[in-house]
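Only one structure is covered here, and it is reproduced in the block below.
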Amino acid sequence: MKSIAIAWSLCVLCAGAVRAEETPRYIQFGIDVSSSWTLGDGSELWTDGTGFGLAGFYPLTPWMLLGLRAGYDRWSIDVFQAGEAAKPPGASIVFNDTFGEFRIYEVTPTIRISRSKLLFDRLGAFVQGGAGYYHVRFNVESVVGWDDGGGTEVTIAQGDGADHRFGVSGAGGVTFEFSKESWFDVFPWYRVIFEDEGNIRYWGLLIGFRVAFAPWDES
């Protein structure tokens, strides 16, 4: 938690240092949906995931946004791969009663640097990075029967757990401007959650929509 506080404090200090007077003082709100994939050892045991998020952004300069996103990703266990992992090589599956899910909740401050009018007026690109809080939960229940020629054997596996961790993320993507107050974003987002026994790594392809609101009179 101390690392999260330090990261957020640095973001706030940046806001005070680089805030330009000519920057429009409006707040942006966004929603996104995603497909996601786990990486590393054991990633083959999980199906493609889905997720969604809510985000807010405040412009520090015309090309830099300070953001905060709350998101959720979920994966289900791949029943076939879990059965293959439970039996010896060459054995055949007799029955497979497996259930499991893997969920991650995140709250992540971010800094986004963008550039507009790339190929035409409404197309832009951006990169962003962040660091924040991740809550990880999983549960697995598996009963697999297999036969290697000597009769049916059964492998039973069960586990669940939850943890609170610090993680970092990086992303880059494109933005399409519908109007001066609305944008459509598409970007891959890579995340690493630091664990004592090996880090959790995953990435997602996000599609988001942002709108801007002026909360006070500019005059």
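The values are calculated or read from the model by the stated rules, or taken from the named source; none is laboratory data. Just so we're clear, the structure is a prediction, and the values are computed from it rather than from any experiment. For neighbour counting, all protein chains shown are included, and Cβ atoms are generated from backbone atoms with ideal geometry for every residue, glycine included.
Residues are listed down the side, and each one gets a yes or a no for (1) more than 20 Å from the chain's Cα centre (by Cα); (2) crowded, with 18+ Cβ neighbours inside 10 Å; (3) more than 25 Å from Gly198 (Cβ to Cβ); (4) at pLDDT 90 or above:
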| residue | (1), (2), (3), (4) |
| --- | --- |
| Leu54 | no, no, yes, yes |
| Asp73 | no, yes, no, yes |
| Phe99 | yes, no, no, yes |
| Leu118 | yes, no, yes, no |
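One residue alone among Gly161, Gly170, Gly149 is surrounded by 11 or more Cβ atoms within 10 Å (Cβ to Cβ) and either without any contact (Cβ under 8 Å) to a residue 24 or more places away in the chain or over 19 Å from Ile31 (Cβ atoms) (or both), and that residue is Gly170.
I'd like the residue in segment 56-71 that is part of a strand (DSSP E or B) and surrounded by fewer than 17 Cβ atoms within 10 Å (Cβ to Cβ) and, out of all such residues, is modelled with the lowest pLDDT.
First, the residues of segment 56-71 that are part of a strand (DSSP E or B): 56-61, 64-71.
When the remaining residues are screened for being surrounded by fewer than 17 Cβ atoms within 10 Å (Cβ to Cβ), the result is 56, 58, 61, 70.
Details: Gly56: 96, Tyr58: 94, Thr61: 90, Ala70: 98.
Once the filter is applied, the top-ranked residue is Thr61.
A search for C-beta distances below 9 Å between a residue of segment 191-210 that is of a type in the set (Asp, Glu) and any residue that is modelled with pLDDT under 95, counting only pairs 6+ apart in sequence or on different chains, returns Glu195/Asp163.
Could you identify the single residue in Gly204, Gly198, Gly173, Gly161 that is under 30 Å from Ser142 (Cα atoms) and either basic (Lys, Arg) or modelled with pLDDT of 95 or more (or both)? Step through it out loud before you land on a result.
Numbers: Gly198 fails: either basic (Lys, Arg) or modelled with pLDDT of 95 or more (or both); Gly173 fails: under 30 Å from Ser142 (Cα atoms); Gly161 fails: either basic (Lys, Arg) or modelled with pLDDT of 95 or more (or both).
One residue alone meets the criteria, Gly204.
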